[in-house]
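Visitor: I have a structure I would like to understand better, so I am pasting it below and will then ask my questions one at a time.
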Amino acid sequence: MAPNPALVKHSEEFRKELFELAPGVFTAVGYGASNAHMLVGEEGNVVIDTTDSTKAAENILALFKEKSKAPIETIIYTHSHRDHISGATVMSGGRDIEIMAHAKFSSDIVNIDESRPAPNAAIMARTKRQFGIGLSFPDERVNMGLGPGDRPTEGIGAGHIPPNKRISEDRVTISRCGLDLDLVHAPGETPDHMMVWLKDQEILFCADNFYPIFPNLYAIRGTPYRDFDAWADSLDVMIDLEPAILVSGHGRPIFGKEEIRATLEDYRDAIRYIIAEAAAGMNAGKGLEELAGEIKLPDHLASKSFLQEFYGKVSWSVKAYVVGTLGWFDGNPTNLNRLPPKEEAAKSVKLAGGADKVLTSAQEALAEDDSQWAMELADRLIVLGDFVPAATGVKLAAMRKMADLEINATARNYYLLYAKELEAGT
Ligand SMILES: [Zn+2]
């Protein structure tokens, strides 16, 4: 088996390139998990986003310095995700400069309120699995879905500086280093998203409210509900600006008003389609798993290159929307008090004729490439403590088969790192 060829090909989206989008407007793609941008001003420069590590920021800063030796006077964070804010110490060069973000800036990773019992260990373990930190490149970790598989990992998360200038307006024009910038609050992947709009050049830095991959409406590292409606509304705001160049937080820029409009409309329609279908399904009394299995994008959207599920995933999004709107209960009274896993496993294994029969079925399912069922059967044995080494072997093999079928990088990484952890007994 080998990684899904479509996922391997997707790595091209993150090949290293420094774009000059207009005179003095630069975007570095492929050097870190996210893009970083520089606007050359009169006696200083503005940087938008700083990537995920100090090493990536150093590499990008070296490129930026080839274009302008002037100091960076202002850093703008488009939002609080760690992959955009972790190279600020490098970009600032140790100087006390302006670090700007929206007033709602508050990361779900950074700045976790220590006084609350946030499930930090769970989030960190799941984040490692989602991004495949600890997997080999390129055999195991092909890419991150939204970034290159070989991004530097030295100083990951290390170079964050908290913002010292918070923007509370929905839209405001500021002047920095002789440059006029419009800052536009546009909640989407996070509530604190703030886009940068260069009106004269018609260039929009939209951060992660668009990237040329199916939107990550739910992240398996564990995220609270992302507001689907607000994200779709923000895409309307982006369409209304009529950008000639669209620069996202991940992947390559898009050029041309017509192409950008059509792309953003499809992106918005994909989100709205999921909202509408999930809502209709809930109204029809359908539950989480049923809807996740049923709802597919229509062909005219599913066929678009920028809606492929390398990062976000339609089925996970459907579940997130259902849970985010109605909560975990699907309306079926059977599910008000479901049996705990161990009790359910004991009853179903008994029904199947015993643990040995379940193990045989799990091994047969694995041999027939029915990997999901193999895992579900193996889990029942593992939770009961029956034939644990053999059942674990089935689960490991099934996860690795699932990983190679996946085009979703986060799922692939998750299966493979979880398998490694299980094998190592950690
Ligand atoms: Zn990002």
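Visitor: Here are some residues: D229, D139. Which one is assigned to a loop (DSSP other than H, G, I, E, B) and charged (D, E, K, R)?
Guide: D139
Visitor: Could you tell me which residue of the stretch 160-196 is nearest to N45 (Cα to Cα), considering only residues that are within 16 Å of the ligand (Cβ to nearest atom) and not in a loop (DSSP other than H, G, I, E, B)?
Guide: V196
Visitor: Against the conditions (1) on the phi < 0 side of the Ramachandran plot; (2) more than 12 Å from the ligand (Cβ to nearest atom), where does S248 fall short? Just the number, please.
Guide: So the condition that S248 fails would be (2).
Visitor: What are the pairs, 6+ residues apart or on separate chains, where a residue within the stretch 209-220 that is of a type in the set (F, W, Y) has its Cβ under 6 Å from a residue that is in a loop (DSSP other than H, G, I, E, B) and away from the ligand (no atom under 11 Å from the Cβ)?
Guide: F214/E309; F214/G312
Visitor: Let me ask something additional. Can you name every residue in the stretch 2-48 that is surrounded by fewer than 19 Cβ atoms within 10 Å (Cβ to Cβ), among the small types (G, A, S) and assigned to a strand (DSSP E or B)?
Guide: Within the stretch 2-48, just A22 meets the criteria.
Visitor: Name, by its number, the condition in (1) at positive phi; (2) surrounded by 24 or more Cβ atoms within 10 Å (Cβ to Cβ); (3) out of contact with any Phe, Trp or Tyr (no Cβ under 8 Å at 6 or more places or on another chain) that does not hold for T51.
Guide: (3)
Visitor: Tell me, which residue of the stretch 221-238 that is more than 15 Å from the ligand (Cβ to nearest atom) and either hydrophobic (A, V, I, L, M, F, W, C) or in contact with a strand residue (DSSP E or B) (Cβ under 6 Å, 6 or more places away or on another chain) (or both) is nearest to K257 (Cα to Cα)?
Guide: Among those residues, the one meeting the criterion is M238.
Here is a yes/no grid of residues against (1) more than 16 Å from the ligand (Cβ to nearest atom); (2) not small (G, A, S):
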site: G30; (1), (2): no, no
site: N35; (1), (2): no, yes
site: E73; (1), (2): yes, yes
site: K104; (1), (2): yes, yes
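Visitor: Any residue at all in the stretch 295-305 that's part of a loop (DSSP other than H, G, I, E, B), β-branched (V, I, T) and closer than 26 Å to L7 by Cβ?
Guide: yes
Visitor: Restricting attention to the stretch 246-262, does a residue exist that is part of a loop (DSSP other than H, G, I, E, B) and under 30 Å from D330 (Cα atoms)?
Guide: So far as the stretch 246-262 goes, no, none of its residues is part of a loop (DSSP other than H, G, I, E, B) and under 30 Å from D330 (Cα atoms).
Visitor: Same structure, new question: Across the stretch 276-298, what is the total count of residues that are surrounded by fewer than 19 Cβ atoms within 10 Å (Cβ to Cβ) and either within 24 Å of D208 (Cα to Cα) or in the same structural domain as A230 (by TED's automatic domain parsing) (or both)?
Guide: 3
Visitor: When only residues in the stretch 197-215 that are assigned to a strand (DSSP E or B) and within 15 Å of the ligand (Cβ to nearest atom) count, which is farthest from L241 (Cα to Cα)?
Guide: Restricting to residues being assigned to a strand (DSSP E or B) and within 15 Å of the ligand (Cβ to nearest atom), the top hit is A207.
Visitor: Quick one: in the stretch 305-334, which of the residues that are at pLDDT 95 or above and of a type in the set (S, T, N, Q) is nearest to N283 (Cα to Cα)?
Guide: Selected residue: T325.
Visitor: Give A362, A345, A374 a once-over and let me know the one that is surrounded by 21 or more Cβ atoms within 10 Å (Cβ to Cβ), in the same structural domain as L405 (by TED's automatic domain parsing), assigned to a helix (DSSP H, G or I) and touching an Asp or Glu at 6+ places or on another chain (Cβ under 8 Å).
Guide: None of the other options fit; the residue is A345.
The values are calculated or read from the model by the stated rules, or taken from the named source; none is laboratory data. This is a predicted model, so every value here is computed, not measured. Neighbour counts are summed over all protein chains in view; Cβ atoms, including those assigned to glycine, are modelled from backbone coordinates with ideal geometry.
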